[in-house]
1. For the chain, what is the accessible area per residue in Å², given a 1.4 Å probe and the full set of protein chains?
2. Would you mind checking which residues have amide H under 5 Å from residue 127's amide H? H placed 1.01 Å from N; only 5 or more apart, or other chain.
3. When the chain is treated as a GNM, springs tying every alpha-carbon pair under 10 Å, which of 131, 31, 16 comes out with the largest mean-square fluctuation?
4. Per 0.36 nm of contour for each residue apart, how much would the distance between residue 152 and residue 197 grow if the chain were fully extended, relative to their Cα-Cα spacing?
5. Which order, highest average first, do 145-154, 64-73 follow once you tally other Cβ atoms within 10 Å for each residue and take the mean per peptide?
6. Apply the Karplus parameterisation 6.51 cos²θ - 1.76 cosθ + 1.60, with θ equal to phi minus 60°, to every residue of the range 137-147 and state each ³J(HN,Hα) to the nearest whole Hz, in sequence, with x for glycine and proline.
7. List the DSSP H helices in the chain whose Cα atoms stretch 18 Å or more along the helix axis and whose mean Kyte-Doolittle hydropathy is at least -1.0.
8. Could you look at the chain and say what percent of its accessible area is carbon and sulfur, using a 1.4 Å probe and all protein chains?
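The values are calculated or read from the model by the stated rules, or taken from the named source; none is laboratory data. Nothing here was measured: the structure is a model prediction, and the numbers come from that model. Using ideal geometry, Cβ is built from the backbone for each residue, glycine included, and neighbour counts are taken over all protein chains shown. Please note that ligands, DNA and RNA were not included when accessible areas were found on the heavy atoms of the full protein model with its side chains. Shrake-Rupley method; radii C 1.70, N 1.55, O 1.52, S 1.80 Å.
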Amino acid sequence: VATGATRAIALDGPSGSGKSTVARGVARALGWRYVDTGATYRAVTLAVLHAGTDLHDSAAVAAVARRARIELSTDPDKPGTCLDGVDVSAEIRGPAVTAAVSAVSAVAEVRTLLVERQRSFAGTDGAVVEGRDIATVVLPDAAVKVYLDASTAERARRRAGDVDAGVASRASAGPVTGVADDELHAAVAADLARRDAFDAGRAASPLVRADDAVLLDTSAMDADTAIARVLDLARAVGLAVEETEP
Ligand code: DC
């Protein structure tokens, strides 16, 4: 590992690029922690919704973020999120949080607070950290930096099918069929495009590919292939890769 490099793998990219599946698979293979930074923004968003805070009042949103106690399970086999001692893993994936999270994650003070938390969740013994600004802001010294991407159509298809992955079985199954599916697909595609534009356009840490991140396009790649690619990159920089059973 290069001198000064942090024992961490940074995985950035937009929704539906396969980050979660790939990050968990890589963490499992290495016996490392898995850190889902999006979950921390989602947990603060839930706290903001619970408090009835105006999403556009940055100071009030930041005050809620300061009070929120967020815990993450970093076990790649049992990821989970607690807010103020309550397991909110399912609730933070719901439509209310999803609709509001871009606004909350655009508040600079929220980001400063959560980046500190995310670094402590990552620790120093080895972590695979997924998000939007990991390579650029959270862990700029990560030993491996990967930017995962996939075509908008493929990302929307994965989201509509609730398949967040680099993702195999369904990725090769062809287009979704049926009118209801088409409508769902169009709605999901529109929502993805809206969130992407917002996440890329915000002033504080917009989603961008770091100059030194390796681009991995998972549009036509299954999860195992994407995981193997990232493990190859880890080996190439001398991070020990023990082969473990899936
Ligand atoms: O990955 P996700 O869909 O759970 O992310 C939820 C939101 O949080 C998304 O709108 C982008 C934002 N986010 C961010 O701004 N920075 C991160 N490191 C991770 C997520």
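1. 45
2. 8, 9, 33
3. Of 131, 31, 16, the Gaussian network model singles out 31 as fluctuating most.
4. Numbers: separation 45, 0.36 × 45 = 16.20 nm, distance 1.20 nm.
Gain on extension, residue 152 to residue 197, equals 15.0 nm.
5. 145-154, 64-73
6. 10, 6, 9, x, 9, 4, 5, 10, 10, 10, 10
7. Working: long enough: 37-51 (22 Å, 0.78); 108-122 (21 Å, -0.21); 179-201 (33 Å, -0.02); 223-236 (20 Å, 0.61).
Helices meeting the span and hydropathy rule in the chain are 37-51, 108-122, 179-201, 223-236.
8. Numbers: 5990 of 11120 Å².
C and S atoms contribute 54 percent here.
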